[in-house]
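The next block holds one structure in the form of structure tokens; read it before the comments.
Every number in this text was worked out from the coordinates using simple rules, so none of it is lab data. These numbers come from a predicted model, not from an experiment. All Cβ positions, even for glycine, are placed from backbone atoms using ideal geometry, and neighbour counts span all protein chains on display.
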């Protein structure tokens, strides 16, 4: 399910009268269980590529396949279902729901998936403990530090064991210790649960964890190499 | 909808908590809805009370909810156009169950003369015991007494007529009419009671004597001008009317009040439409605030809406969530508004004195005291209109929220 194929993916944005190229004929294959980092300067197309793979943004042309699903052709509803069932998102700015507690935020995806309350609660508490937030289940996002919020966001992304986790600059707002913990967690999940990770980052420390490093510039892939993590 | 029920708890939690994120705005909106709902119900109760009063006054003057009479009596209220007193099947139907009151009546044109003045009047022969429920006349006696039996020899006249005739309680007056053979029928009566009616015209025009006394005077023993019936509720006389009409003998006409006085009937029928228009107008004023609140709530949460879309919430669930938020706001507002209406209407059930505008009220055929009438129909109508239109006006902001581009929404600051 989680193998990803992108073919001739193009995306442009209009900024005033100017046309900006987000993705320029991208061809990319990511196999199940890979740990991939997308690196490159701002505006290189990392986030645009993540959004396209995750079905958050529609490419102007080209194809995106996730397993045997043609992502770029899905309607809004089935696209939402696909994200719900198969993808976990971690955003740079945490993006928690402010009116829900840490545990409720983690349970949210499972709740929409239709899991029973007891199972949800048990899984949410376990994952929060795993990310080091035991005892903070009932706190709302405003009562948590940036690092703690990001860990809640990670817990939410991985709690239902998605096939693919897309993380956009997940360590950008974290100190080096928290960033190390987070990447260690990602690595463990990748190794033990074969969850595919695609992470966009500028952070050299994050790149060290990747098994495959893809370099992007001006919407193009300019380098793609395996590396020892 | 299946999705809605599956995820009801999720969206209920989100809706409820989102509602209280901006407490001040929610409180203001709740205040507006509550006051609006209160105004709908309170003003409707006042209007209903006023119209009820006008209709009751009008029906009392007819009098009765149903009349049985000679087919030509309404066009020509002559003593010739009389009918037999109730008997046989008709009597059985009249005495049948229910809280109704009925009475034989005589109603003829007459001339009343004091030693100084004379006037053309409507001479009414009544059965005193039934009259409380038919015209409420015994309660209107301002001086003297009411008639005590069907063969009482006294006469009850209105205060206005007494003034016109320059007569007073205890004085004798002469009443003159015609018998069926066109002979003059006259006799002297002592004024035993003076009544005050809510409508001056009634005071000046209606003169009451006992039924048997008038039957003897007019030489129509065993015959009456009308048989009048008053049921529990003037709004619901159709079934009774049908039963009485079936039991009535040939040559006798049975008519419900709404056929006798079409003006009253139109007023009655218009009232429901008027209430609906009133409720909708108030709601329209409210809807601007409601839509504005929802638009602002959506605007402030664009990023979150993008997030829940990204996490896999279907657009339809986002629509349901925002509609549920609106529904919660409406339901709380309705609860407070209904409570306010109840609290303010209950103490006024004994009557709201509007004697300061009594003349105007009298011109409309209403009394100087309004008794607010809170009906279940009006309360349900106000609540249903608010909920239905409230949800309708919320659909657009909810739909727009569901159509947000998640990437753009997530990048909104």
Review point. How far is the Cα center of segment B:165-218 from the Cα center of segment A:98-167, in Å?
Key: 91 Å
Check your understanding: If you line up the long axis of helix B:315-345 against the longest principal axis of chain B, both from Cα atoms, how many degrees apart are they, to the nearest 10?
Key -> 40 degrees
Point to revise | Estimated inter-spin distance, residue A:176 and residue B:284, nm [label 7 Å along Cα→Cβ] | key: 6.9 nm
Point to revise | Cα long-axis angle, helix B:8-19 against chain B (0 to 90 degrees, to the nearest 10) | key: 90 degrees
Review point. Roughly what angle does helix A:102-113 make with the longest principal axis of chain A, taking Cα atoms, 0 to 90 degrees, to the nearest 10?
Key: 60 degrees
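What average number of partner chain Cβ atoms lie no more than 10 Å from the Cβ of the residues making up B:101-110? Before the final figure, lay out the partial values.
On the way: counts 0, 0, 0, 0, 0, 0, 0, 0, 0, 0.
Other-chain Cβ atoms within 10 Å of each residue's Cβ, averaged: 0.
Under the definition of partner shielding as Cβ atoms of other protein chains within 10 Å of a residue Cβ, what is the mean value for peptide B:14-25? Don't jump to the answer; show the numbers that get you there.
On the way: counts 5, 1, 1, 6, 3, 1, 1, 2, 0, 0, 0, 0.
Counting Cβ atoms of other protein chains within 10 Å of each residue's Cβ and averaging gives 2.
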Study note, to complete from the structure: Ranked output for segments B:112-118, A:103-109, B:346-352 by mean other Cβ atoms within 10 Å, highest leading, reads A:103-109, B:112-118, B:346-352
Exercise for review: Take the alpha-carbon centre of segment B:236-267, take the same for segment B:320-338, and report the distance between them in whole Å.
Suggested key: 45 Å
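Per residue, how much space in cubic angstrom lies within the convex hull of the C-alpha atoms of the protein assembly as shown? Don't skip to the end; give the middle numbers.
Numbers: hull volume 138.1 nm³, N = 642.
Spelled out: Cα convex hull of the protein assembly as shown, divided by residues, is 215 Å³.
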Point to revise | Span per principal axis, largest first, for the Cα atoms of chain A (Å) | key: 48, 38, 38
Check your understanding: Modelled label-to-label distance, residue B:122 and residue B:166, 7 Å Cα→beta-carbon offset: nm?
Key -> 2.8 nm
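What does the highest-first list of B:121-128, B:142-149 look like by mean Cβ count within 10 Å?
Working: B:121-128: 21.9, B:142-149: 16.4.
Highest-to-lowest ranking by the protection proxy: B:121-128, B:142-149.
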Review point. Given Cα pairs under 8 Å that are at least 6 residues apart, what percent is the relative contact order of chain B?
Key: 27 percent
Check your understanding: What is the Cα centroid distance between segment B:10-58 and segment A:38-76, reported in whole angstrom?
Key -> 49 Å
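Antiparallel DSSP bridges in the protein assembly as shown: what percent, to the nearest 5?
Values: 62 of 90 bridges.
Of the beta bridges lying entirely in the protein assembly as shown, close to 70 percent run antiparallel.
Order the peptides A:148-154, A:22-28 from the highest to the lowest mean number of other Cβ atoms within 10 Å of their residues. Walk me through the numbers on the way to the answer.
Values: A:148-154: 25.0, A:22-28: 19.6.
Packing proxy ranking, top to bottom: A:148-154, A:22-28.
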Check your understanding: What average count of beta carbons from other chains do you get within 10 Å of the Cβ of residues in A:101-114?
Key -> 3
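Output the antiparallel fraction of DSSP beta bridges having both residues in chain B, as a percent to the nearest 5. Numbers along the way, then the final one.
Working: 40 of 50 bridges.
Looking only at bridges with both residues in chain B, the antiparallel portion is about 80 percent.
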Point to revise | Rounded to 5, percent antiparallel among DSSP beta bridges of segment B:64-260 | key: 80 percent
